Amino acid sequence: MTTAQDLSNEIKKDRSREFITMVKPCGPICNLDCTYCYYLEKKSLFKKGEHFRMQKDVLHSYVKNVIESSDFELVQFVWHGGEPTLMGIKFFKEVLEIQKRIAEEQDVEKKIVNIIQTNGVLLDDEWCKFLYENKFWVGLSLDGPKLLHDASRRYKNGYSTHRDVIKGFKNLLEVGINPDILCTLNSTNADHPAEIYNYFKSLGANWLQFLPIVARDSNGSLKKESVKPEQYGYFLNTVFDIWVRNDVETIIVQAFVESLLAHSNKPASLCINAETCGNALVVEHDGSVYSCDHFVNNEHLLGNISNDKLIDMIQSDFQEEFGNAKKDRLSDDCLSCEFLNLCRGGCPKDRKKLGSSYVIVHEVGRNGARDGVHELCIGLKQYFVHTGPIFKRMVELAKLNLPVSTVSKELKGSESALSKEVKAKRRQK
């Protein structure tokens, strides 16, 4: 089992040209209607009657472009959506054939990895066998036990999806795939941290991501689905307290990995925790390339995979400025904050008073304008204060070549000693 410290040791120091692409082979088409989804509305970017399905010539251009543009031994293809399994297994068989053919033509010695992010409802035996045999990494969206999951993630007809997702999860386990669980934190489920964490633990999940929902309406106001700052801090702290005492060696929680990396002065593995961003592009079904999954709009259209090189798009002045705006527009409060190295201001889309377009942000930014603080700033500070001393101790243990899980024994030992002391004092009274 890979531990958090193992992960920190594997992070590359030179990430200057590393990038990933989230490709959406069926665009914003999905078989679910999640209340907080931000991508279904992207249909408006395309002409009426659009067939949201990546064609073979676009697929070929995409694969060729990614392999040619990557300087790293590991080449990642992240299949996203919408819901990518709607493309069917036949499409992904074509993906594998094209990847193999292009790699052979270019005589490249690179490890190609396919990652698929799915809602899981179509993962039958055939799908799971295919994913396992072809070594796909799988991310599965699941928001907790039935009532909490179904509160936000239902079929378009309103029916529950939880049973089908769990069936897909168990099918994955049966073939030997333990997926990365992606759990969104919203105003409904964020009040139940222990219940959700222990539920995932009971399922046998060993890699968890908790993604806070910060959603705005057309006027820029936060939607009711958005997690509240205090909720977020409470959730992370509660889960951390359970995890650090019991599961450091057996369960990886992405948020805690990122905190450990930051306390170890190592580069972040996620863009939201990095000083700058812009290295995660989106490729739509028609080959259009955008700056970021949260900025798929006409203002952030970088080019098309069939005509433009990925490496040129990611190194363009526009994209560089887009990525640097993350640090250049930090508020004075952020710049003076003792937790800046842990937070980096968070994702720009989640900052207060953020402009609707980074084109506007860039123009104003040259005059020294700043974003507001992160919408979840209060909750993040609660988390940093609560967990900081323990993460620092984990770093000390790693430097001593001791397992970071040693901190679990230390915590239990000190708490046991304190409990005995309290009991002794009560007896004296």
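The values are calculated or read from the model by the stated rules, or taken from the named source; none is laboratory data. Note that the structure is predicted; figures quoted are calculated from it, not measured. Note: ideal-geometry Cβ built from the backbone for every residue, glycine included; neighbour counts use all protein chains shown. The area values use the complete protein model at the heavy-atom level, side chains included, leaving out ligands, DNA and RNA. Shrake-Rupley method; radii C 1.70, N 1.55, O 1.52, S 1.80 Å.
Against the chain, whose longest principal axis is taken from its Cα atoms, helix 89-105 shows a tilt of about 80°.
Dividing the Cα radius of gyration by the Kirkwood radius, what Rg/Rh value follows for the chain? All intermediate terms of the calculation are to be shown ahead of the outcome.
Values: Rg = 22.3 Å, Rh = 23.0 Å.
We get a ratio of 0.97 for the chain.
Taking the three principal axes of the alpha carbon atoms in the stretch 299-340, the coordinate ranges are 45, 18, 13 Å, sorted in descending order.
So for the stretch 13-130, considering every pair of alpha-carbon atoms, how many percent are separated by more than 25 Å? Here the tail beyond 25 Å accounts for 30 percent of pairs.
Against the chain, whose longest principal axis comes from its Cα atoms, helix 229-246 is set at around 70 degrees.
Can you list the cysteines of the chain that have no other Cys Cβ under 4.7 Å away? For the chain, the answer is CYS26, CYS30, CYS128, CYS183, CYS292, CYS334, CYS337, CYS343, CYS347, CYS377, because their Cβ atoms have no other cysteine Cβ under 4.7 Å. With respect to the chain, whose longest principal axis is taken over its alpha-carbon atoms, helix 377-399 is tilted by about 80°.
Computed from label points 7 Å out along Cα-Cβ, the spacing between ASP125 and ASP57 is 4.1 nm. The stretch 12-82 and the stretch 175-252 have their alpha-carbon centroids 25 Å apart.
Considering only the chain, what is the antiparallel percent among its DSSP beta bridges, to the nearest 5? Show your work: numbers first, answer last.
Working: 9 of 35 bridges.
Of all bridge pairs located within the chain, approximately 25 percent are antiparallel.
Rg to Rh ratio, the stretch 194-348, alpha-carbon atoms and Kirkwood radius? Rg/Rh: 1.01.
With viscosity set to 1.002 mPa s and temperature to 20 °C, compute the Stokes-Einstein D of the stretch 149-267, Rh being the Kirkwood radius across alpha carbon pairs; µm²/s, no decimals.
Values: Rh = 15.8 Å.
Here the translational diffusion coefficient equals 135 µm²/s.
Return the ratio Rg/(2.2 N^0.38 Å) for the stretch 193-244, where Rg is computed over Cα atoms only.
On the way: Rg = 13.6 Å, N = 52, 2.2 N^0.38 = 9.9 Å.
For the stretch 193-244, the normalised Cα radius of gyration is 1.38.
Solvent-accessible area per residue in the stretch 132-174 equals 54 Å², computed with a 1.4 angstrom probe and all protein chains kept.
Whole-percent P(r), the stretch 94-137, all Cα pairs, 5 Å bins from 0: 5, 18, 26, 23, 14, 9, 5, 1.
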